[in-house]
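See below for the structure under consideration.
The values are calculated or read from the model by the stated rules, or taken from the named source; none is laboratory data. This structure is a prediction, so every number in the text was calculated from the model and none was measured. Glycine also receives a Cβ, built like all others from the backbone with ideal geometry; neighbour counts cover every protein chain displayed. Please note that ligands, DNA and RNA were not included when accessible areas were found on the heavy atoms of the full protein model with its side chains. Shrake-Rupley method; radii C 1.70, N 1.55, O 1.52, S 1.80 Å.
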Amino acid sequence: MVRFFVAPETLQSHALVLSGENARHARALRLKEQEQLLLCDGQGQECLCQVVETSPDITLSVLERRPSRTEPAVEVRVYMAYPKADKLEHVIQKATELGAYEVVAFPSSRCISRPDEKSLKKKLERWQKIAISAAEQSGRGRIPQVTLLDSFSQALAHASTADRALLFYENEDAFTLKMALEGSYRSVSLMVGPEGGLEPSEVLQAREAGLRVCTLGKRILRCETAPLCALSAVMYDAGEF
């Protein structure tokens, strides 16, 4: 079923009209009267609607308001130290498809990529558009927020509030993700370092902040592979697959 993301306040009315880019998209799809579609507020709520008129405006009637049926019950936030090139774009796109609640980027000691404030503003706009596009393509009811933090310490403080706050480190060989996910949980933080990994002092800092340091197995995964691997495992454990 076709879905469109709209501002949350748009869903409060019983008589809805598609406008702007949504209207252009709907006309390109040649929607007809009586066809059904979904309007999503990007925050987990949606309306099942029916097309009433297609000219001069595309007007809709609301059939049902409901929580999105495609959102996972567990909130998983992905924390990634700034990687090189367009690797973060790849992670944002795929993490959105897999059901991530939020993607958080931050600097760490071994980051090669250190974008300045001006370039970060432009990058953030592009990254958020990637999340929107991936949410539309994958049928999400929520658009994950892309968040930028100023420091590793801020990222730890942010991540530590989850029921399961995890950091993946190539030199950890005893505590596994399977162990970390034992028991019930509603929220999970998954943190990875950049291409060169994290400094031992940063791993210690993470432990002190309350994060559990985990291994993702005997093979060393690339920085863009590790968070997607972990996110997939969490979704499987939570019964989403």
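Assorted remarks:
- Strands (runs of 3 or more DSSP E) lying entirely in segment 1-112 (those with 2 or more residues that are among the charged types (D, E, K, R) and open to solvent by 20 Å² or more (accessible area, probe 1.4 Å)): 58-67, 75-81
- Segment 4-62, residues that are within 30 Å of residue 75 (Cα to Cα) and of a type in the set (Asp, Glu): 9, 21, 41, 46
- With respect to the conditions (1) closer than 30 Å to residue 156 by Cα; (2) of a type outside the set (A, V, I, L, M, F, W, C); (3) in contact with a Cys (Cβ under 7 Å, 6 or more places away or on another chain); (4) without any contact (Cβ under 8 Å) to a residue 60 or more places away in the chain, residue 83 falls short on a single one, namely (4).
- So residue 141, is it within 23 Å of residue 42 (Cβ to Cβ) and in contact (Cβ under 8 Å) with a residue 40 or more places away in the chain: yes
- The residues on offer are 115, 107, and the sole one that is in contact (Cβ under 8 Å) with a residue 40 or more places away in the chain and in contact with a helix residue (DSSP H, G or I) (Cβ under 9 Å, 6 or more places away or on another chain) is 107.
- Segment 35-57 residues that are under 22 Å from residue 132 (Cα atoms) and in contact (Cβ under 8 Å) with a residue 40 or more places away in the chain, paired with ones that are in a loop (DSSP other than H, G, I, E, B) and open to solvent by less than 50 Å² (accessible area, probe 1.4 Å) (beta carbon under 6 Å, 6 or more apart): 40/141; 42/143; 44/68; 44/71; 44/141; 46/68; 46/141
- Selection status of residue 125, assigned to a helix (DSSP H, G or I) and not aliphatic (A, V, I, L, M): yes
- The condition of being in contact (Cβ under 8 Å) with a residue 24 or more places away in the chain, under 30 Å from residue 39 (Cβ atoms) and not basic (Lys, Arg) holds for only one of 177, 148, that being 148.
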